[in-house]
Amino acid sequence: SSLAIQGDLEQRDRDEVLLRFANRSCSVLVATDVAARGLDIKDLPAVINYELPKNPDIYLHRIGRTGRAGQKGLALSLVSGREMNRVKPIEAQLEITARWGKIRIADKSERPDVPARVTLRIDGGRKDKLRPGDILGALTGDAGLDASAVGKIDIFDTRSYVAIDRKQVGQAQERLGKGKIKNRNFRVRVLEN
C-alpha cells in the first residue's frame, strides 16, 4: 500500500496524499525532496533514502521526518559506490559515523499488512460549515459506527477527509452517502490506492 508525492502534483493532490499517509490509510509514501520540509507526521517509524543528496542540509531535512519530539526513528540510506563521496560531509555535519550493512529482500510473508484504515473523502468542508464533530456525529449516530472505528478527521475549504477502520468503510460510505451531515447530502468517495 503506497502513494507517491512529487512536485508535479497539484497542491490539492499533494495535500490529499499526505493526509492519507498521516491518517494511516497508506503504509508507504514515496517522495521526492518536496517532502523534505514542512511535514509533521506523528510517529513516522522510518525514512529510507534512495540516492543521497549532494547537500548535507537536505539529508538532515529528509531524515528529520522521523524520530521527532523525543520519539525513536530510523533513517536508512541506500548508497551506491558513486555516492560514497557524499557520506563524509553528512557524517561531519551530523557528528555521526555511518553504519553499513547489506540489504536482504523480504519475501511475501514478511511484507507489511494492508493498512487498517481507509480514507473517505466528503465533498464538503469549511465553506459548508462542516466541523469534525459533525462528521463524527453522522458516523457514530446514523451510520452506527463505534467512535473507535473513526480515525483522524481533516477539514479543508471544500473537502473533508476521515479515516475509517477498513472493515467498516463500506458501512460508513453507504450511511454517509444516504444520510445527511448537518441536514445536507454530500458526495462521499472511498480513496483507495
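Values quoted throughout were computed directly from the atomic coordinates according to the rules given, and no laboratory measurement underlies them. What you see is a predicted model, and the numbers here were worked out from it, not measured in a lab. Backbone-built Cβ (ideal geometry, glycine too); neighbour counts: all protein chains shown.
Checking the a/c ratio against 1.5 first, then a/b against b/c, what shape does the Cα gyration tensor give for the stretch 105-175? Write out the running numbers ahead of the final one.
Details: a/c = 3.13, a/b = 1.84, b/c = 1.70.
Verdict is prolate for the stretch 105-175.
For the chain, the residue among Thr32, Val118, Gly170 whose Cα projects farthest onto the positive side of the dipole built from Cβ charges is Gly170.
Is there a quick way to get the dipole size of the chain? I mean about its Cα centre, with the Cβ of Lys and Arg at +1 and of Asp and Glu at -1; what is the value in debye to the nearest 20?
Numbers: 36 positive and 26 negative charges, 55 e Å.
Using only the charged Cβ atoms, the result is roughly 260 debye.
The Cα-based radius of gyration and maximum Cα-Cα distance (Dmax) for the stretch 1-51 are 10.3, 27 Å. Against the empirical 2.2 N^0.38 Å (N residues), the stretch 35-133 has a Cα radius of gyration ratio of 1.46.
Mean residue ellipticity, 222 nm, helices only, the chain: the sum of -39500 (n - 2.57) across DSSP H runs of n ≥ 4, divided by residue count and rounded to 500, is -7000 deg cm²/dmol.
The alpha-carbon positions of the stretch 46-193 define a convex hull whose volume is 171 Å³ per residue. Assuming charge only on the beta carbon of Lys and Arg (+1) and of Asp and Glu (-1), the dipole of the stretch 25-106 about its Cα centre is about 200 debye to the nearest 20. Taking every DSSP beta bridge that has both ends in the chain, the antiparallel portion is near 60%. Cross-link partners of Lys167 among aspartates and glutamates, defined as those whose alpha carbon lies under 13 angstrom from its own and excluding same-chain residues fewer than eight positions apart: Asp146.
Loop-located GluC sites (Glu not before Pro) in the stretch 72-159 (DSSP state not H, G, I, E or B) with no more than 14 neighbouring Cβ atoms inside 10 Å: Glu95. All Cα-Cα separations within the stretch 150-192 were binned at 10 Å from zero, giving a P(r) of 25, 62, 13, each value a whole percent of the pairs.
To the nearest ten degrees, helix 11-22 and the longest principal axis of the Cα atoms of the chain are 90 degrees apart. For the chain, the residue among Asn55, Ser148, Ala92 whose Cα projects farthest onto the positive side of the dipole built from Cβ charges is Ser148.
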